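Data block below; observations after.
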Amino acid sequence: MFNAMMRAEIWLQDTLDKPLGIEDLANHLGYSASQVRRQFRHCFNISPSAYREKRRLERAAVLLSLTSQNIAQIAIRCGYTNHSSFSRAFQRRYRLSPREYRQAVRSLYLLNRPDKKFTISIERNRPAHVVLMRLYQASDHIHGLGNTKYHANHLEHLQAQLETSTPTMVLPDLLTEKVTAAVEETAPNHTRTDIGLYLENRDTAEYLALPVNYRRVDIPSRYYAKIYFDNISQLSYVMSETLVALMDEKNRLNISGDAPQVLWHPHHIELRIPLSA
C-alpha cells in the first residue's frame with residue numbers, strides 16, 4: 001500500500017495548480033476515497049487535503065521570494081482561484097502577508113549574499129527523459145549518488161539500455177528549504193528526494209518496463225541556470241549563490257519554482273535551476 005501512497009503524494013505534488021479533489025485522487029489510484037484518506041494519513045501523518053494545502057503554500061513562498069510574478073499570478077499557479085482566500089491561508093501559515101513575506105525574504109537573502117563566485121550560464125536543454133525513484137530522505141542522507149554502479153544495481157534489468165545515462169537527483173524541497181531558512185531560525189525537515197537516471201535520448205526510455213518504484217518523467221525543452229562544481233558538499237552554498245545572482249539579474253527569465261536537478265558527470269557535478277519567461 002505504501003507504493004500507492006507514494007504515487008498519491010507525487011500526484012498531489014504534480015497537480016497543485018489544478019482544482020482536483022480526493023475523489024480525483026482516488027480514481028487515479030483505483031481506491032475508494034475513504035481508503036486513500038486513511039492510508040495517506042497512516043503513511044504521512046497528515047490528510048491528503050492538508051498535505052496539498054501545505055505544499056501549495058510552500059510553492060507560493062518560493063515564487064514570492066524568487067520571482068517577479070505578482071501575487072495574483074502566484075495564487076493561480078498555486079491552485080487558488082480567490083486572491084483573498086490565498087492571502088488569508090498564507091498569513092495563517094507564515095504569519096506574514098504575501099507582500100510582507102516577499103520583502104522580508106528578499107531583504108535577508110540579498111543581505112547575506114555569498115562571497116565566492118561560480119560561473120553561471122543560461123542554456124536551453126533538449127527534450128529528455130528521467131527515470132526516478134522517490135525516497136523520503138534528505139539528500140545529504142543518501143549514499144552512493146553519482147556512482148553509476150549504485151544506480152545500475154537498482155535498475156538491473158535495464159542496465160544494458162541505460163548504459164549512457166547520467167546519474168541524477170531531483171530535489172522537490174530544496175528551494176523551499178533555502179527560502180524558509182532565510183526567514184526562520186531553523187529550516188523544516190524536508191525529506192523528499194528523487195534519484196535516478198537522466199537520458200538525453202528519449203527513444204531509449206520510451207518503451208522501457210520500469211521497476212514498480214520508478215516512474216518516467218518527460219523533461220521538456222526549457223531554459224536552465226547551470227552551474228558546475230566539484231563536490232556535492234558544496235551544493236547548499238552553490239544554490240544560495242546562484243539564487244542571489246538570479247534575483248539580482250534583470251532579464252526576461254525568472255526562477256520557475258520547479259525542482260532543481262543535480263547531474264553527476266565523469267569529472268564534475270552540474271546543478272540545474274529551471275527558469276521560465
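The values are calculated or read from the model by the stated rules, or taken from the named source; none is laboratory data. Just so we're clear, the structure is a prediction, and the values are computed from it rather than from any experiment. Methodologically, a virtual Cβ is constructed for each residue, glycine included, from the backbone with ideal geometry; neighbour enumeration extends over all protein chains shown. Note: accessible area is taken over every heavy atom of the protein model, side chains too, but ligands, DNA and RNA are not part of it. Shrake-Rupley method; radii C 1.70, N 1.55, O 1.52, S 1.80 Å.
May I ask you to list pairs of residues, at least six apart or on different chains, whose Cβ atoms are under 8 Å apart, with the first in the range 27-52 being of a type in the set (S, T, Y) and the second being open to solvent by less than 20 Å² (accessible area, probe 1.4 Å)?
Pairs that qualify, where the first residue is of a type in the set (S, T, Y) and the partner is open to solvent by less than 20 Å² (accessible area, probe 1.4 Å), are Y31/A4; S32/A26; S47/F40; Y51/E9; Y51/L12; Y51/F40.
Checking the condition in a helix (DSSP H, G or I) and touching a Leu at 6+ places or on another chain (Cβ under 8 Å), which residue from I10, I74 passes?
I74
Within the range 240-254, identify whether any single residue is within 14 Å of F118 (Cβ to Cβ), buried (at least 17 other Cβ atoms within 10 Å of the Cβ) and of a type in the set (S, T, N, Q), and answer yes or no.
yes
Does the range 44-59 contain at least one residue that is at pLDDT below 95, over 24 Å from R95 (Cβ atoms) and exposed (fewer than 14 other Cβ atoms within 10 Å of the Cβ)?
No, that holds for no residue.
Checking the conditions here, which among L208, L171 is within 23 Å of A4 (Cα to Cα) and at pLDDT below 85? Break it down stepwise before answering.
Details: L171 fails: at pLDDT below 85.
The match here is L208.
Within the range 26-38, is there a residue that is within 23 Å of V217 (Cα to Cα) and assigned to a loop (DSSP other than H, G, I, E, B)? Before the answer, list the steps.
Of all residues in the range 26-38, those within 23 Å of V217 (Cα to Cα) come to 26-30.
Narrowing further to those that are assigned to a loop (DSSP other than H, G, I, E, B): 30.
Checked against the condition, which is being within 23 Å of V217 (Cα to Cα) and assigned to a loop (DSSP other than H, G, I, E, B), the range 26-38 yields at least one hit.
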